[in-house]
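Asks: Handing you a structure now.
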Amino acid sequence: QVQLVESGGGLVQAGGSLNLSCAASESIFSFNTMGWYRQAPGKQRELVATVTSGGGTNYAGSVKGRFTISRDMITVYLVMNSLKPEDTAVYYCNLADRFGTYWGQGTQVTVSS
């Protein structure tokens, strides 16, 4: 069972930046997708960004141009710039490979006006 450990959440003012990271607890299957999802109060969980083991990326339209996702073999990163209050949510790390889908515990990101 793969464990995902997230770090980097916190409080930041609008217009500021925040970086998230998520590391797998063990080596994982070579072909996989890692990414970030978020859930705000009263809303469903939504995709933020994903990156494949081949380097292909996908971004939600609401964050494109502001957020950047990257990775190495077992760690995924999210650099968040020009943050807005509407980015406030619990952010969840995700890993998907041929064996299953795994989730981190979630980390709170709060953007103040």
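The values are calculated or read from the model by the stated rules, or taken from the named source; none is laboratory data. Remember, predicted model here, so these are calculated numbers, not experimental data. Note that each Cβ is placed from the backbone with ideal geometry, even for glycine, and that neighbours are counted across all protein chains shown. When the accessible area is computed, the model is the full protein with side chains, heavy atoms only, and any ligands, DNA or RNA have been set aside. Shrake-Rupley method; radii C 1.70, N 1.55, O 1.52, S 1.80 Å.
Asks: With (1) open to solvent by less than 50 Å² (accessible area, probe 1.4 Å); (2) at pLDDT below 95 as the list, and G9 as the residue in question, which single condition is left unmet?
Replies: Of the numbered conditions (1) open to solvent by less than 50 Å² (accessible area, probe 1.4 Å); (2) at pLDDT below 95, the odd one out for G9 is (2).
Asks: Working only within region 45-58, note down all residues that are open to solvent by 10 Å² or more (accessible area, probe 1.4 Å), out of contact with any Ser or Thr (no Cβ under 8 Å at 6 or more places or on another chain) and closer than 27 Å to L11 by Cβ.
Replies: Across region 45-58, the qualifying residues are R45, E46, L47.
Asks: Based on what the data block shows, is F67 among the aromatic types (F, W, Y) and free of Cβ contacts under 8 Å to residues at least 24 places away in the same chain?
Replies: When the stated conditions are applied, F67 passes them.
Asks: Here's a follow-up. So, S21, is that one assigned to a strand (DSSP E or B), farther than 19 Å from G100 by Cβ and not basic (K, R) or not?
Replies: Yes.
Asks: Among the residues in region 36-46, are any in contact with a Gly (Cβ under 9 Å, 6 or more places away or on another chain), under 22 Å from P85 (Cα atoms) and among the acidic types (D, E)?
Replies: Checking region 36-46: not a single residue is in contact with a Gly (Cβ under 9 Å, 6 or more places away or on another chain), under 22 Å from P85 (Cα atoms) and among the acidic types (D, E).
Asks: If you scan region 93-113, which residues turn out to be assigned to a strand (DSSP E or B), under 20 Å from V51 (Cα atoms) and open to solvent by less than 40 Å² (accessible area, probe 1.4 Å)?
Replies: Residues satisfying the conditions are C93, N94, L95, A96, D97, G100, Y102, T107.
Asks: Another question, then. Could you give every pair whose Cβ atoms fall below 9 Å, whose first residue belongs to region 15-28 and is under 15 Å from N94 (Cα atoms), and whose second residue is part of a loop (DSSP other than H, G, I, E, B) and open to solvent by less than 30 Å² (accessible area, probe 1.4 Å), counting only separations of at least 6 or pairs across chains?
Replies: Pairs found: C22/G104; A24/V2; S25/V2; E26/V2; I28/V2.
Asks: Another one. Which of (1) assigned to a loop (DSSP other than H, G, I, E, B); (2) among the hydrophobic types (A, V, I, L, M, F, W, C); (3) touching a strand residue (DSSP E or B) at 6+ places or on another chain (Cβ under 6 Å) is the odd one out, the single condition M73 does not satisfy?
Replies: Of everything listed in (1) assigned to a loop (DSSP other than H, G, I, E, B); (2) among the hydrophobic types (A, V, I, L, M, F, W, C); (3) touching a strand residue (DSSP E or B) at 6+ places or on another chain (Cβ under 6 Å), M73 misses just condition (3).
Asks: Hey, another quick one. Return yes or no: is D72 at pLDDT below 95 and open to solvent by less than 50 Å² (accessible area, probe 1.4 Å)?
Replies: Here the answer is no, as D72 does not meet what is asked.
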